[in-house]
1. Assess whether ARG41 counts as being surrounded by 13 or more Cβ atoms within 10 Å (Cβ to Cβ) and either within 9 Å of the ligand (Cβ to nearest atom) or within 23 Å of MET96 (Cα to Cα) (or both).
2. Working carefully through the options ARG111, ARG117, find the one that is open to solvent by less than 20 Å² (accessible area, probe 1.4 Å) and either among the charged types (D, E, K, R) or modelled with pLDDT under 95 (or both).
3. Give the stretch 66-76 a look and list any residue that's surrounded by 10 or more Cβ atoms within 10 Å (Cβ to Cβ) and not hydroxyl-bearing (Ser, Thr, Tyr), or say none.
4. Could you please let me know if PHE155 is of a type in the set (Phe, Trp, Tyr) and within 16 Å of the ligand (Cβ to nearest atom)?
5. Return the pair list, or none, for Cβ contacts closer than 6 Å from residues in the stretch 36-53 that are farther than 13 Å from SER10 by Cβ to residues that are in a loop (DSSP other than H, G, I, E, B) and open to solvent by less than 80 Å² (accessible area, probe 1.4 Å), at least 6 apart or on different chains.
6. May I ask you to list pairs of residues, at least six apart or on different chains, whose Cβ atoms are under 6 Å apart, with the first in the stretch 1-13 being touching a residue at least 40 places away in the same chain (Cβ under 8 Å) and the second being among the hydroxyl-bearing types (Ser, Thr, Tyr) and part of a loop (DSSP other than H, G, I, E, B)?
7. Residues ALA79, ALA75: which one is free of Cβ contacts under 8 Å to residues at least 40 places away in the same chain, farther than 16 Å from ALA22 by Cα and over 19 Å from the mean Cα position of the chain (by Cα)?
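The values are calculated or read from the model by the stated rules, or taken from the named source; none is laboratory data. All values derive from a computational prediction rather than experimental measurement. All Cβ positions, glycine included, derive from the backbone under ideal geometry; neighbour counts span all protein chains shown. To get the accessible areas, we keep the full protein, side chains included, count just its heavy atoms, and leave off ligands, DNA and RNA. Shrake-Rupley method; radii C 1.70, N 1.55, O 1.52, S 1.80 Å.
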Amino acid sequence: MKSILLVSSSPRGANSYSHQFAGHVIADLTSRHPEARLVVRDVAREPLPHIDEAFVNAITLPAEKRSPAQSEAVAVSDALVDELLAADVLVLAVPMYNFGVPSSLKAWIDRVVRAGRTFAYTEKGPQGLATGKKAVVVLARGGVYSDGPMKALDFQESYLRSVLGFIGITNVKVVRVEGIAMGEEAVKKALTSAKAQTEEAARAVV
Ligand SMILES: Cc1cc2nc3c(=O)[nH]c(=O)nc-3n(C[C@H](O)[C@H](O)[C@H](O)COP(=O)(O)O)c2cc1C
C-alpha cells in the first residue's frame, strides 16, 4: 500500500464521529503499512467550488479550445482526479445530512466523476476507470438506517456505493456510526459497534 486518500466532509472537526472513526481506520492501516503516504482532503474546512458553466462546457472541449476560465475549472478537477487515481485506498468520512451526503462532498464527487478520466462510455455502457482500489466509507448518522423503519431513507450509503461503483471502486467496506442522536445508551452502543466495524474494515483492506 503506497497511498491513502482521506476525504473528510464534516465541519465538526475533532468532534465529528465520521472523522474520528475514519481516523481509527487510518491509524490501523498506517500501523500495518508505515510506508503509506496519507493525503487529506477536508472538503468541509476547505470547500471546493460547486461546478459551474465554465466547468460543464469545458469538459466537452479539447484542451486547446478552452478559455482561460474553462482551463482553470478543469485544472481543479484534474488535480482532484490525479489525487484519487494515485490512492490505493480511499477513506471517506461522511455525515448524513438530510438522508444524503453533505453538499461539500457532492462538490468533490462532481469534480472527480469525469468521462475519460474516471469512467468511459463504451458500447457496453459506462465503464469505471478508477479500478484496483479499495475504499472504506465511514458514515455518521443521528438515526439508525442499517435496519428498521428508516432503512428506505438511507440515500447516503446507497448513493456512495453507486457512485464509487460507477467509477470502478467496487471493493467498499462500510462503517456505520448510527443512532448517535437517540440517547446516551444508543451512543454507547453506536460507538462500540463502530469500533468493531473499523477494525474489521481495516483488516479487510490490508
Ligand atoms: C444539517 C444536518 C442534517 C442532518 N440530517 C440527518 C438525517 O437526515 N438523518 C440523520 O440520521 N441524522 C441527520 N443529522 C445528524 C448527523 O448525521 C449526525 O449528527 C452525525 O453525527 C454528523 O456526522 P459527524 O459527527 O461526522 O459530523 C443531520 C445533521 C445536520 C447538522
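1. Yes; evaluated as a whole, the condition is true for this residue.
2. The unique qualifying residue is ARG111.
3. Those that are surrounded by 10 or more Cβ atoms within 10 Å (Cβ to Cβ) and not hydroxyl-bearing (Ser, Thr, Tyr): ARG66, ALA69, GLN70, GLU72, ALA73, VAL74, ALA75, VAL76.
4. The answer is yes for PHE155.
5. So the pair list comes out as ALA36/MET1.
6. Matching pairs, first to second residue: SER10/SER16.
7. None of the others qualify; the one that does is ALA75.
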